[in-house]
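The values are calculated or read from the model by the stated rules, or taken from the named source; none is laboratory data. Note that the structure is predicted; figures quoted are calculated from it, not measured. Methodologically, a virtual Cβ is constructed for each residue, glycine included, from the backbone with ideal geometry; neighbour enumeration extends over all protein chains shown. Side chains included, ligands, DNA and RNA excluded: accessible areas come from the protein's heavy atoms. Shrake-Rupley method; radii C 1.70, N 1.55, O 1.52, S 1.80 Å.
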There are 2 protein chains.
Amino acid sequence: MAQTRRQFLQQVGITGGAGVLYSTMSALGLTSVAETPAYAAPSRADLTGRGAKHIVVLGAGIAGLTSAYELLKAGYKVTLLEARNRPGGRNWTVRGGTVETDLAGNTQRATFSPGQYMNAGPARLPQHHVTLEYCRELGVAIEPFVNQNADAYLYREGSTALSNKAIRHRTAKADVYGYVAELLATATDQGALDGRLTAADKEALIGFLGSFGSIGNKAAGFAYTGTDGRRGYTVEPGAGLEGGTTAPPYALSDVFASGVGNYFSFEFGWDQAMMMFQPVGGMDRIPYAFERAIGKDKIRYGAEVTGLKNTGSGVEVTYKDGTRTRMITADYAICTLPPHLAAKVPSNLPAPIIEALKYARPTNAGKIGIEYGRRWWEEDHKIYGGITNSSLDTVNTWYPSYNFHGERGTVIGYYNTGANANAYGALTPAARLERALMQGAKMHGDVYTKDVKAAFSVNWLGTKYSEASWVSWPSQTDGIYARLLDATGNIYFAGDHLSHVIAWQHGAITSARATVTALHDRVVASR
Amino acid sequence: MAQTRRQFLQQVGITGGAGVLYSTMSALGLTSVAETPAYAAPSRADLTGRGAKHIVVLGAGIAGLTSAYELLKAGYKVTLLEARNRPGGRNWTVRGGTVETDLAGNTQRATFSPGQYMNAGPARLPQHHVTLEYCRELGVAIEPFVNQNADAYLYREGSTALSNKAIRHRTAKADVYGYVAELLATATDQGALDGRLTAADKEALIGFLGSFGSIGNKAAGFAYTGTDGRRGYTVEPGAGLEGGTTAPPYALSDVFASGVGNYFSFEFGWDQAMMMFQPVGGMDRIPYAFERAIGKDKIRYGAEVTGLKNTGSGVEVTYKDGTRTRMITADYAICTLPPHLAAKVPSNLPAPIIEALKYARPTNAGKIGIEYGRRWWEEDHKIYGGITNSSLDTVNTWYPSYNFHGERGTVIGYYNTGANANAYGALTPAARLERALMQGAKMHGDVYTKDVKAAFSVNWLGTKYSEASWVSWPSQTDGIYARLLDATGNIYFAGDHLSHVIAWQHGAITSARATVTALHDRVVASR
């Protein structure tokens, strides 16, 4: 047994366990430190002396892969069924050679150059997500993902002096913060907040505002003049006597009316604040690393589930394998299919469970990858990665976070959701590109339309086996959603949709861990 | 001639020129866009039909290397004299095997593991610095340098609830911005700023503050409650019903009194705002790439300048080469030595020039690299790169921006300047480490003192051939500094000190370009 365990550990390449608690930080008494919910991987020792239970896992997305991986570590027998011919589900990296036909019948064949790719689904990993722990454990190399860049642009349509042109994030931030500081210092100094602030508070606050907004002192009326270079230069400081030339700030009314400040809070978010990371070479390095650790022999690709049944002693799953229908029996099933698709699978699940599955609301997101023959955003605009955010229907433009200074590069021309994603999704891939180029040129000039080498777009609502970018729930506290958190007979559910971290791999992993733990506890209790 | 030019271009690996203007952006009419001062490399064609002038360059730091490189491109004959046995000057990467004896007689021999290094001098490159253009031109691979991280700490000594413990940047930012928003929305709504704001301004401002501070609406008194997760969780959102648990924000008085907000503006700076970059493998990849492009045969290492003279027809430079004194004559000299050291070189420079050289004020900076056997900041603290800033004398702790998830890692235990740098510099290297570990443990716990594999510290004021981290000028506009911007006879000066971008390689490069341009124009005019 010890030998078998050692062999298994070698096979899956495990030298340490994911889910270690932040004991050091607790010991320090640090507050405001997040703790990943504690996870104790099922223990092989618990199962000593009994036959291995067989678990069939439906879906080889991140939840299914995590479930299979953790169960195999504990000594369970596992079979993974996956309709696609690759692991990962929505974790999908498109490279040259990728072929996909969507539900509307559009077939795209990606012609990206070697080394160029787009992450069609998840693309970024916060430092505190357990996804990074699996990267470490599975040997997936990581590198920074540029989620914030002072030199990327904000673009807002409108009628202000800042509207309808590309404004650097740094410029917008300097002007917004400058005026905020000027206004609050003035009101504070004039006693408008004396009901809230002591004399000491006022002094400390005005001191902070001085550096925060780079404003003048009281004698200077706390005025924001924008001369410290923070907002950018028209001529950079340089050699000799060149101290730099600045342009005056935009007028206060224009700054706030333009709406450029309304994007700032994105960068403060729990899941979005820098630093962020990505696997080197594409997000699908994660599912492929899981596949290696699990063993390809345990995964049946091209297996589309057509039936799911609780039996007296276990479960019975039928699936189509090309034109043939096959059946597999097991002790338990973990269903990680998207809930709105799982609801359509013929089953003997009780009506309240079907109702709960149908309670999920599919959301759409769209992305287009555009490969250029030259990295003009670096060479001409001095933008090395990051996001340009706009009020156009493209919403977000991502400059690539890999291959800096390389010959070619692949920009994400739009990453949008909801109605904007639906609008692009309704177009043919060629028309999506045409529209994306037109919108991008408004922000970047004609260079945006030139030297395009390849493009590929995804419309998640129309993507087979997903039919959504993610789902939302009308409520996660009214008891309907909660029906899916416990086993129904021998059938369990898992997926990012069964978490409070929907649309992130972290949600899929923590849900899978919770499900695996519940299943294991039941097996152990049944001794 | 054409053949020679082609051969030369092949030799130095040049396929495009640095210094291209941002023509695309001008065409777009973008405002607030920095432009690197225009630079037209000296043209070889200008020199057709005359003998090549010989330039001796004093110092193979970035200014000297840039001067030599640009002059060689134009067909000049160049000799570089460098006192050290390596190129780069203050651009210095310490690796295992590096040996250095400082002016106080401390000898350190670095024992960092293979792949581990510290950049003792410059360590980060903003996107808009021409240094990156030379990286592209010279084939130096780059990767992100993490200059900002929401999960790194702020540590302030004091007597508030936030004092004497490590506070995540994200927590400090959420609380500071939350209260700023609450206060300004309240004052605005109550009419305290009606003299400055129109009704439309007030509505737009309050709308912005809602997202900026994540505060309640008017009915909720614009209250900041810190419940959106931005400041961190005590229990992260996770599977099933785990929506995350937050701790209440720190009290307003404590937040402002603590001073945690006073660091924020660092991240808005023209030269410091993310994104920032570093060469893969160490900053000295840049000087070594210059060395390759220039040709080692044109650089004399171990050559300490002992005399500098204008003669009727050119210049005469004497230098010590070990125990021997040598002399070199040339048409022109470019002196890139630190000004306070150049002032001490025996020369026939006129008194006003010596006075100008002496006008520079040396500044100190210190750094210590500490290699650990485990990347505990990533594993235990979930901090992947970035800066912890404190009121302790260590001031800045840098987590490494390379080899994420690797086995070992090298933390910069302090990066400080002025009096703090002098205090550490006065200690022995062993005592510096001891003190740095004690201070670091206050912020990170005992783990900071454990599993230390190697350490190396630099005290720039005591470092031979530099004797400063950089210099400052009492004034750059009173005419004294300006004396060094024109040639004195056949002697030119260059260096970051002769720019408004002091302490950055960008300053050294732009200064060198200005000097090379002036010299070339004179040669062409003398036809």
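Over every Cα atom in the range B:283-407, the radius of gyration and the widest Cα-Cα span, Dmax, amount to 22.2, 67 Å. Once you treat every alpha carbon in the range B:99-148 as an equal point and sum by Debye, what is log10 I(q)/I(0) at q = 0.15, 0.19, 0.22, 0.24 Å⁻¹? Results for the range B:99-148 at q = 0.15, 0.19, 0.22, 0.24 Å⁻¹ read -0.65, -0.85, -0.93, -0.99. An ellipsoid equivalent to the range A:169-259, defined through the eigenvalues of its Cα gyration tensor, has semi-axes of 28, 15, 9 Å when rounded to whole angstrom and sorted largest first.
Placing unit charges on the Cβ atoms of the charged side chains and taking the dipole of chain B about its Cα centre, the candidate lying farthest along the positive direction among B:Gly495, B:Gly425, B:Ala365 is B:Gly495. For the range A:454-507, the direction-averaged projected area of the alpha-carbon convex hull comes to 5.4 nm².
Dipole check for chain A: with +1 at the C-beta of Lys and Arg, -1 at the C-beta of Asp and Glu, and the Cα centre as origin, the magnitude is about 1900 Debye.
Computed on protein heavy atoms with a 1.4 Å probe, the accessible areas place B:Asp446, B:Asp175 in the order B:Asp446, B:Asp175, largest first. Compared with its chain on its own, the range A:177-208 contains the following residues whose accessible area drops by 50 Å² or more in the full protein assembly (probe 1.4 Å; ligands, DNA and RNA excluded): A:Val180, A:Leu183, A:Leu184, A:Leu193, A:Arg196, A:Asp201, A:Phe208.
Placing B:Ser391, B:Ser457 in order of accessible area, with the largest value first and a 1.4 Å probe, yields B:Ser391, B:Ser457. The ellipsoid that matches the Cα gyration tensor of the range A:196-324 has semi-axes, each √(5λ) in whole angstrom, of 60, 23, 16, with the longest given first. Relative to its residue count, the range A:316-383 spans a Cα convex hull of 193 Å³ per residue. If you take the charge dipole of chain B about its Cα centre, with +1 on Lys and Arg Cβ and -1 on Asp and Glu Cβ, which of B:His520, B:Ala200, B:Gly226 is farthest toward its positive end? It is B:His520, whose Cα lies furthest towards the positive end. Cα centroids of the range B:359-418 and the range B:459-487: 27 Å apart. Of the accessible area of the protein assembly as shown, computed with a 1.4 Å probe over protein heavy atoms only, carbon and sulfur atoms account for 51 percent. Remark: relative contact order (the range B:246-362) = 15 percent; criterion is Cα-Cα distance under 8 angstrom and separation of 6 or more residues.
Averaging the sequence gap over all C-alpha pairs within less than 8 Å and six or more residues apart, then dividing by the number of residues, gives the range B:95-218 a relative contact order of 13 percent.
Heavy-atom accessible surface of B:Arg230, to the nearest 10 Å², is about 30 Å², with a 1.4 Å probe and all protein chains retained. Each Lys and Arg contributes +1 and each Asp and Glu -1, all at the Cβ; summed about the Cα centre of the protein assembly as shown, the dipole is approximately 2880 debye. Helices that extend 18 Å or more along their long axis by alpha-carbon positions and average at least 0.5 on the Kyte-Doolittle scale are, among the DSSP H runs of chain A, A:199-213.
Since only A:Val146, A:Tyr301, A:Ser472 are under comparison, the one whose Cα sits farthest along the positive direction of the charge dipole of chain A, derived from C-beta charges on Lys, Arg, Asp and Glu, is A:Tyr301. Note on the protein assembly as shown: Cα-Cα pairs beyond 51 Å make up 27% of the total pair count.
Taking every protein chain into account, the 1.4 Å probe leaves A:Glu137 with about 20 Å² of accessible area, to the nearest ten. Computed from the Cα positions only, the extents of the range A:386-527 along the three principal axes stand at 69, 33, 24 Å, in decreasing order. What the Cα atoms of chain A give is an Rg and a Dmax of 26.5, 86 Å. Counting only protein heavy atoms and using a 1.4 Å probe, the accessible area of A:Thr325 comes to about 100 Å².
Taking the Cα centre of the range B:391-470 as reference, the dipole from Cβ charges on Lys and Arg (+1) and Asp and Glu (-1) amounts to some 60 debye. Inter-copy label distances at A:Asn348, using a point 7 Å along Cα-to-Cβ, come to 10.8 nm with the shortest given first.
Sorted from closest to farthest, the other copies place their B:Gly295 label points 6.3 nm away, with each point set 7 Å from Cα along Cα→Cβ.
Nearest 100 Å² is fine: how much accessible area is buried between A and B, summed over both sides, with a 1.4 Å probe?
For A against B, buried area totals roughly 9200 Å².
Shortest first and in nm to one decimal, what separations exist between A:Arg374 and its copies in the other chains, measuring from label points 7 Å along the Cα-to-beta-carbon line? Going from nearest to farthest copy, the values are 5.1 nm. Ordered by 1.4 Å accessible area with all protein chains kept, A:Leu241, A:Leu72 run largest first as A:Leu241, A:Leu72.
When Rg and Dmax are taken over the Cα atoms of the range A:393-473, they come to 13.8, 44 Å. As an equivalent ellipsoid, the range A:86-243 spans semi-axes of 47, 22, 18 angstrom, where each value is the square root of five times an eigenvalue of the C-alpha gyration tensor, largest first. Note: relative contact order over chain A, using C-alpha pairs below 8 Å and six or more positions apart, is 20 percent.
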